[in-house]
Amino acid sequence: MYEAMTASVTASMPVSESAYGFTQTDIEGQALFSLPFGDIVNFLTPYTAVLFVFALTFTIIALISKPERQVDTVMGGDAYYTKDISRETLRFQRFMAIACGLATMGGIMAGDVFNFTLFTAFIGITNIGIVAAVKNKHILDNAFEYGLLAMIGTLPLFVGAALVLATTGTLSMWILFTPEVAVPLFAKLLLVIGVIAEGMAPVFVAKAEITRAPGAPYILMVHVSSLLIFLRVIEIVISM
Amino acid sequence: MQLIIRKVSRILQNHNNLTAVYALVVIIVAAIGLISIAAGEITFEKDQLYPKTINPDSPLNPYDRGGSPFVPADIKAQYPGNFPAIGYITGYLSPFATALIKISPYFGTTIVAHPGGILDEILYATRGLDTIVETSILFVAFTTAMFLFRRDEE
Amino acid sequence: MIAAISAFAATATAITTSATGTAGTLTSLTVGEIELFGLSNFTIGLVGAIICIFISFYALMREKDDLHRLLLTDLIEVIALIAIALLGTDLAEALILPGLVVGVAELTAMSQIYIVKEKLVREPESYLDIEVMHTAPAIIAVGMLIYGIILSGFTGGAVAGLGMLFYFACKGTEEKTEILEKVSGYAWVMWVVAFIVFMTLPAYWFFALMLAGTGILAKVAIKISILGTMRKNDGSGGRRSMGGNGNV
């Protein structure tokens with residue numbers, strides 16, 4: 001079925017468009033370019049290109065900037081002290097922030113549902129790493145709660161991807177985004193709540209504790225990546 | 001009404017309830033899933049990629065996908081054009097695997113894990129990007145664990 | 001220690017799951033075709049998976065203890081693998097592996113966070129000390145290492161790594177794990193090079209296949225065996241003394 005589908009879509013498109021057949025979706029527009037890796041064909045559209053530039057910018061900021069040093073003032077006196085971040089922690093957090101940025105860019109470019117879920121899980125685990133590096137009981141408690149959420153979030157993600165494959169026979173977004181293929185609501189819901197758990201974008205309940213952690217801009221990478229990947233999954237779910 | 005809001009926000013403000021709240025959301029979505037199965041919305045698409053065929057008489061059972069060393073097997077990939085050498089990895093048998101075939105007909109699973117075979121074709125070539133991400137996840141997770149472990153040792 | 005044991009348990013359960021998943025597809029070759037009470041066998045399996053989701057997430061909702069919640073997440077990841085296995089195609093088998101790895105990786109990191117969070121850094125007063133830990137490590141490690149090398153790739157890495165993990169956990173080691181990690185990093189690069197060869201020079205698929213098989217084997221085996229060295233063992237085969245109290 002998918003072969004016929006690809007063929008029919010390609011036939012209706014100009015030949016110069018692409019070999020995979022795309023896909024004028026409602027919110028993202030025509031694919032700008034495609035990057036094939038075997039069965040997985042990554043692509044960027046005007047919408048995802050904007051997200052990609054955002055992710056790239058913040059990764060570069062994480063790469064070149066020095067961490068902030070929080071200042072605590074002592075109540076009732078002139079004394080103040082700056083929190084020192086050890087070299088080891090700094091290097092580790094910077095590595096994790098860059099890995100997180102790369103994972104975000106991968107997730108934004110993903111042209112395959114399962115590949116997208118893997119990149120999302122990758123973002124989840126780098127986020128845990130960034131937060132867990134801070135040596136503070138409250139923040140570690142939070143990192144643990146987040147980690148649990150990221151771990152159980154893999155269930156909706158993978159079950160969602162498996163359902164997409166089971167009901168349509170393909171994982172490629174190039175085919176899933178065509179109007180001929182219908183993805184059940186259940187699979188879409190699973191993907192969205194999976195990303196919520198991994199990316200943690202709308203779950204701001206426990207964020208207060210984490211923003212208190214020293215180590216910006218690396219800590220900020222947690223927020224940026226989760227926001228961008230959430231925007232991306234909404235786009236995928238609407239287009240499917 | 002106010003009482004209910006107060007009670008709900010008391011649960012939500014505690015970060016220790018985060019997983020419980022999320023578990024509730026997943027249970028609700030799973031219930032929606034049950035309803036949509038009952039409504040017949042979720043049907044299995046029979047035309048799947050990389051279908052499984054089983055030939056119990058073959059010594060490569062259950063992974064006999066045809067082909068032989070340096071003769072490609074017929075693989076139903078998503079975009080066969082993107083990997084021109086498709087089928088060669090599936091067909092390949094190392095000398096060791098060839099020897100195993102002659103010993104016993106029950107080594108199919110060992111042979112498919114040995115270099116060559118359908119799973120290697122999917123994992124390394126046609127969906128190799130998945131494996132890249134997967135090993136990177138393992139790498140990052142171990143880095144985190146070792147970082148915390150070493151810091152404690154000091 | 002907890003990290004090592006839970007990662008071991010996760011791998012073991014998940015390997016069993018993938019094995020039963022395969023066995024399931026063996027008996028029912030036609031997923032989505034066999035009918036029972038007017039439902040296809042895929043639908044029945046999916047309903048079963050959803051019931052498992054209900055049970056496990058309800059348990060997670062009620063549980064308050066951190067360690068038990070961590071163990072429950074492992075149960076949940078197994079359900080995700082079952083849902084993928086329902087497809088019964090070769091692709092599903094290939095997708096189980098990344099799913100499994102994500103679970104094991106996250107469990108490793110989380111166990112270590114749990115240890116740090118609960119400040120469980122003090123040496124335990126007595127370790128598990130049974131006879132098999134003195135007599136078996138060498139033979140089991142060698143056997144699993146050889147079988148792992150034969151299997152190659154990811155499966156081989158897991159098998160060989162578990163053998164080495166058992167050896168290090170029982171015998172202890174003074175090795176510098178940094179060196180092992182460096183080797184594992186180079187092995188990862190080997191696999192990436194193999195992937196680039198697959199994508200750009202498909203004619204050299206044979207070279208890339210061997211490179212990928214070896215690279216992933218070395219990487220995974222080393223990563224898993226490092227877990228064994230994380231138990232601060234002095235090499236006395238599980239027997240140790242605490243604070244000069246003599247052998248326990």
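What is the residue count in region A:133-154 for residues that are farther than 16 Å from B:Leu18 by Cβ, within 9 Å of chain B (Cβ to nearest Cβ) and not basic (Lys, Arg)?
Summing the residues that are farther than 16 Å from B:Leu18 by Cβ, within 9 Å of chain B (Cβ to nearest Cβ) and not basic (Lys, Arg) in region A:133-154 gives 1.
Looking at region B:8-21, which of the residues that are surrounded by 16 or more Cβ atoms within 10 Å (Cβ to Cβ) and either touching a helix residue (DSSP H, G or I) at 6+ places or on another chain (Cβ under 6 Å) or facing chain C (nearest Cβ under 7 Å) (or both) is nearest to B:Ala125 (Cα to Cα)?
Of everything passing the filter in region B:8-21, B:Thr19 is nearest to B:Ala125 (Cα to Cα).
Specify the residue that is nearest to B:Thr53 (Cα to Cα); the eligible residues are those in region C:104-114 that are of a type in the set (Val, Ile, Thr) and at the interface with chain B (Cβ under 7 Å from one of its Cβ atoms). If you could, list the steps in order and put the result at the bottom.
Of all residues in region C:104-114, those of a type in the set (Val, Ile, Thr) come to C:104, C:108, C:113.
Now narrow it down to the ones that are at the interface with chain B (Cβ under 7 Å from one of its Cβ atoms): C:108, C:113.
Working: C:Thr108: 36, C:Ile113: 44 Å.
Here the residue is C:Thr108.
Kindly indicate whether any position in region C:32-53 is closer than 24 Å to B:Ala31 by Cα, at the interface with chain B (Cβ under 10 Å from one of its Cβ atoms) and modelled with pLDDT under 75.
yes
So that you can scan it fast, the table gives a plain yes or no per residue for (1) more than 19 Å from A:Ala197 (Cβ to Cβ); (2) surrounded by 24 or more Cβ atoms within 10 Å (Cβ to Cβ); (3) within 12 Å of another protein chain (Cβ to nearest Cβ):
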| position | (1), (2), (3) |
| --- | --- |
| A:Thr82 | yes, no, no |
| A:Ser86 | yes, no, yes |
| A:Gln93 | yes, yes, yes |
| A:Ile98 | yes, no, yes |
| A:Gly107 | no, yes, yes |
| A:Phe114 | no, yes, yes |
| A:Leu118 | no, yes, yes |
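Conditions (1) within 7 Å of another protein chain (Cβ to nearest Cβ); (2) assigned to a helix (DSSP H, G or I); (3) over 25 Å from B:Tyr63 (Cβ atoms); (4) more than 21 Å from the chain's Cα centre (by Cα), marked per residue:
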position	(1), (2), (3), (4)
C:Ile55	no, yes, yes, yes
C:Met61	yes, yes, yes, yes
C:Arg69	yes, yes, yes, no
C:Ala80	yes, yes, no, no
C:Gly88	yes, no, no, yes
C:Glu93	yes, yes, no, no
C:Ile96	no, yes, no, no
C:Gly99	yes, yes, no, no
C:Val102	yes, yes, no, no
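Kindly provide the set of residues from region A:48-103 that are assigned to a loop (DSSP other than H, G, I, E, B), free of Cβ contacts under 8 Å to residues at least 60 places away in the same chain and over 27 Å from the mean Cα position of the chain (by Cα), ordered by number.
The initial filter retains those residues of region A:48-103 that are assigned to a loop (DSSP other than H, G, I, E, B), namely A:65-70, A:74-79, A:83-86.
Those still in the list that are free of Cβ contacts under 8 Å to residues at least 60 places away in the same chain too: A:66, A:74-79, A:84, A:86.
Selection gives A:Val74, A:Met75, A:Gly76, A:Gly77, A:Asp78, A:Ala79, A:Asp84, A:Ser86.
All but one of (1) at pLDDT 90 or above; (2) surrounded by fewer than 20 Cβ atoms within 10 Å (Cβ to Cβ); (3) not hydroxyl-bearing (Ser, Thr, Tyr) hold for C:Ala141; which doesn't?
(2)
Pick out the one residue from B:Ala73, B:Ala77, B:Ala30 that is modelled with pLDDT of 90 or more and crowded, with 19+ Cβ neighbours inside 10 Å.
Details: B:Ala73 fails: modelled with pLDDT of 90 or more; B:Ala77 fails: modelled with pLDDT of 90 or more.
B:Ala30 is the lone residue from the list that is modelled with pLDDT of 90 or more and crowded, with 19+ Cβ neighbours inside 10 Å.
Please determine, by comparing only the residues of region B:115-154 that are within 23 Å of the chain's Cα centre (by Cα) and among the small types (Gly, Ala, Ser), which one is surrounded by the most Cβ atoms within 10 Å (Cβ to Cβ).
Only one residue tops the list, namely B:Ala125.
Can A:Leu102 be described as in contact with a helix residue (DSSP H, G or I) (Cβ under 9 Å, 6 or more places away or on another chain), closer than 22 Å to C:Asp74 by Cβ and facing chain B (nearest Cβ under 10 Å)? I'd like the intermediate steps shown before the answer.
Numbers: in contact with a helix residue (DSSP H, G or I) (Cβ under 9 Å, 6 or more places away or on another chain): yes; closer than 22 Å to C:Asp74 by Cβ: no; facing chain B (nearest Cβ under 10 Å): yes.
So A:Leu102 does not fit the description; no.
Given the residues A:Ala187, A:Ala166, which is the only one that is at the interface with chain B (Cβ under 9 Å from one of its Cβ atoms), under 24 Å from B:Val21 (Cβ atoms) and of a type in the set (Gly, Ala, Ser)? First the steps, then the outcome.
Details: A:Ala166 fails: under 24 Å from B:Val21 (Cβ atoms).
None of the other options fit; the residue is A:Ala187.
The values are calculated or read from the model by the stated rules, or taken from the named source; none is laboratory data. What you see is a predicted model; the values in this text were computed from it and never measured. Virtual Cβ from ideal backbone geometry, glycine too; neighbours counted across all protein chains shown.
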